[in-house]
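The values are calculated or read from the model by the stated rules, or taken from the named source; none is laboratory data. A quick note: this is a predicted structure, and the numbers were derived from the prediction, not measured. Neighbour counts run over all protein chains shown; Cβ positions are idealised from the backbone, glycine included.
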Amino acid sequence: MTYKQNHSDIREGIDKLCQKFSGEYWQKCDRDHAYPIDFVNELTKEGYLSALIPEEYGGLGLPLSAGAAILEEIHKSGGNAGACHAQMYTMGTVLRHGSKAQKEKYLPNIADGNLRLQAFGVTEPTSGTDTTALRTSAKRMGDRYIVNGQKIWTSRAEHSDLLLLLARTTPLEEVSKKTEGLSVFLVDMRQVLGKSLTIRPIRTMMNHSTTELFFDDMEIPASSLVGEEGKGFRYILSGMNAERLLIAAECIGDAKWFIGKATSYACDRSIFKRPIGQNQGVQFPIARAYSQMRGAELMLSHAIELYDSGENPGEEANLAKLLSSDASWEAAEMCIQTFGGFGFAEEYDVERKFREARLYQVAPISTNMVLSYIAEHVLGLPRSY
Ligand SMILES: Cc1cc2nc3c(=O)[nH]c(=O)nc-3n(C[C@H](O)[C@H](O)[C@H](O)COP(=O)(O)OP(=O)(O)OC[C@H]3O[C@@H](n4cnc5c(N)ncnc54)[C@H](O)[C@@H]3O)c2cc1C
């Protein structure tokens, strides 16, 4: 990888750790739709999930490039970081906007693995991509907030203690701009689960532990509010670039896995008395996938460098996410084609990784929204929404 800070020690450590979790491990989790608990525990034990938590709170205090290196290597090994990546991309919101008391209360416990911050509740069934139209409300009543509403696609909620929640604290009709009146809360779900909070799993085409959440007069302490009331949309937006970069790193890892698998299969598989990889019809898609991955990796590297130097690189983060998710999807398509029929057999992991790679065209941000950002915010084309 070409990030300025390559983090080769972290990469080697992750590679070694991932070797303990074979294709069979991931196949079984996938088949049973099971949370890869042993894998997550091992990552936590080795301190990798606390990479972005400052040292004063018990974490490793590393830059985003380290988080990206961890996630990339997990995906490159054939695993999937979807079970735990949110701890990294929600961290920025807590670090930048959380109070000292919140940080002191939660971060050391997250760093040592006693608490998980893996759930991020933004999307709702009726508002979808149009975040400011969300309907979940949080009303202040003395020293508490009362939350009512529903979220969808809140991944890992069943395996998380804490939830970073976006809710409306001032009704849409009473704000001058629709981006105002939204607030972020750090909710301790252990207090309310099974009472005023219901979590319902959603089965999906890949194993992602995603859920629906229902809030029914859910009471949370006022101290759950992150930063100032009404400024939550801005806080969530400020974390989006980090999220895009971390997801792009996972896509680069996936692309490398697909390219590696296809290359060795094309050399080993002999048909018509010669390796299939001797045919240019098989070689060229692999070479093209490699070229696309390298181009995307360069953009990602550049964007991460800007981010770690203190900039908020909206253009580069969006470009990196677009190019990387396209590169991983093209590589997935190439890989399944290279494997022929065996690409569809569970034991080769190609079909599983193929299903997993598809998600990143839609979540956490769909390709259309990234293109819209580039068209309207970078190129200055007229706003479409
Ligand atoms: C497995 C999975 C895990 C997820 N995890 C989380 C999570 O942990 N937390 C969370 O908050 N969310 C999560 N999401 C939600 C995810 O971020 C959304 O699915 C995604 O942002 C798209 O929103 P939507 O599904 O509501 O699509 P919609 O908003 O309904 O859009 C449908 C399609 O129309 C397109 N579209 C809509 N409006 C426009 C427009 N103006 N211009 C062009 N195209 C447009 C979209 O790009 C999309 O392709 C997850 C989703 C999935 C599938």
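How about region 203-244: which of its residues are assigned to a strand (DSSP E or B) and within 12 Å of the ligand (Cβ to nearest atom)? First the steps, then the outcome.
Initially, region 203-244 is screened for residues assigned to a strand (DSSP E or B), giving 210-221, 225-226, 231.
Once the filter is applied, which keeps residues that are assigned to a strand (DSSP E or B) and within 12 Å of the ligand (Cβ to nearest atom), region 203-244 yields 210, 211, 212, 213.
Taking only pairs six or more apart or across chains, which ones have beta-carbon atoms under 6 Å, a first residue in region 345-364 that is within 29 Å of residue 131 (Cα to Cα) and in a helix (DSSP H, G or I), and a second residue that is modelled with pLDDT under 95 and more than 16 Å from the ligand (Cβ to nearest atom)?
Every condition considered, no pair remains.
What are the residues in region 180-196 that are surrounded by 20 or more Cβ atoms within 10 Å (Cβ to Cβ) and among the hydrophobic types (A, V, I, L, M, F, W, C), if any? Explain how you work it out, then say what you get.
From region 180-196, those surrounded by 20 or more Cβ atoms within 10 Å (Cβ to Cβ) are 181-187, 189; that's our starting set.
Listed by number, the residues that qualify are 182, 184, 185, 186, 187, 189.
Only one of 67, 23 is crowded, with 24+ Cβ neighbours inside 10 Å and of a type outside the set (Val, Ile, Thr). Can you tell me which?
Numbers: 23 fails: crowded, with 24+ Cβ neighbours inside 10 Å.
From the options 67, 23, the qualifying one is 67.
Tell me yes or no: at least one residue of region 99-117 is within 15 Å of the ligand (Cβ to nearest atom), buried (at least 24 other Cβ atoms within 10 Å of the Cβ) and within 25 Å of residue 213 (Cβ to Cβ). Walk me through how you get there before you give the answer.
Taking region 99-117 first, the residues within 15 Å of the ligand (Cβ to nearest atom) are 116-117.
In the following step, the residues that additionally are buried (at least 24 other Cβ atoms within 10 Å of the Cβ) were identified as 117.
After this cut, where a residue has to be within 25 Å of residue 213 (Cβ to Cβ) as well, the list is 117.
For region 99-117, residues within 15 Å of the ligand (Cβ to nearest atom), buried (at least 24 other Cβ atoms within 10 Å of the Cβ) and within 25 Å of residue 213 (Cβ to Cβ): present.
Regarding region 328-343, can at least one residue be identified that is touching a residue at least 12 places away in the same chain (Cβ under 8 Å), within 15 Å of the ligand (Cβ to nearest atom) and not in a helix (DSSP H, G or I)?
No - not one qualifying residue is present in region 328-343.
Which residue out of 322, 371, 298 is surrounded by 19 or more Cβ atoms within 10 Å (Cβ to Cβ) and out of contact with any His (no Cβ under 8 Å at 6 or more places or on another chain)? First the steps, then the outcome.
Working: 371 fails: surrounded by 19 or more Cβ atoms within 10 Å (Cβ to Cβ); 298 fails: surrounded by 19 or more Cβ atoms within 10 Å (Cβ to Cβ).
Testing whether each residue is surrounded by 19 or more Cβ atoms within 10 Å (Cβ to Cβ) and out of contact with any His (no Cβ under 8 Å at 6 or more places or on another chain) leaves just 322.
So which helices (runs of 4 or more DSSP H) stay within region 11-87 end to end and still have 2 or more residues that are closer than 30 Å to residue 98 by Cβ and under 19 Å from the mean Cα position of the chain (by Cα)? Working first, answer last.
Numbers: elements: 23-32, 37-45, 64-76.
It comes to 37-45, 64-76.
Check 123, 132 and return the single one that is within 16 Å of the chain's Cα centre (by Cα), touching a residue at least 24 places away in the same chain (Cβ under 8 Å), outside any strand (DSSP E or B) and assigned by TED's automatic domain parsing to the domain that holds residue 195. So that I can check it myself, show each step before the final result.
Details: 132 fails: within 16 Å of the chain's Cα centre (by Cα).
One residue alone meets the criteria, 123.
I'd like the full set of residues that are within 26 Å of the chain's Cα centre (by Cα) and either exposed (fewer than 14 other Cβ atoms within 10 Å of the Cβ) or over 18 Å from residue 86 (Cβ atoms) (or both), limited to region 207-219. Before you say what the answer is, go through the steps one by one.
Here is the first cut: in region 207-219, the residues within 26 Å of the chain's Cα centre (by Cα) are 207-215.
214, 215 - these are the residues of region 207-219 that are within 26 Å of the chain's Cα centre (by Cα) and either exposed (fewer than 14 other Cβ atoms within 10 Å of the Cβ) or over 18 Å from residue 86 (Cβ atoms) (or both).
List pairs: first in region 365-383 and free of Cβ contacts under 8 Å to residues at least 60 places away in the same chain, second loosely packed, with under 14 Cβ neighbours inside 10 Å and in a loop (DSSP other than H, G, I, E, B), Cβ under 6 Å, 6+ apart or cross-chain?
375/381; 376/383
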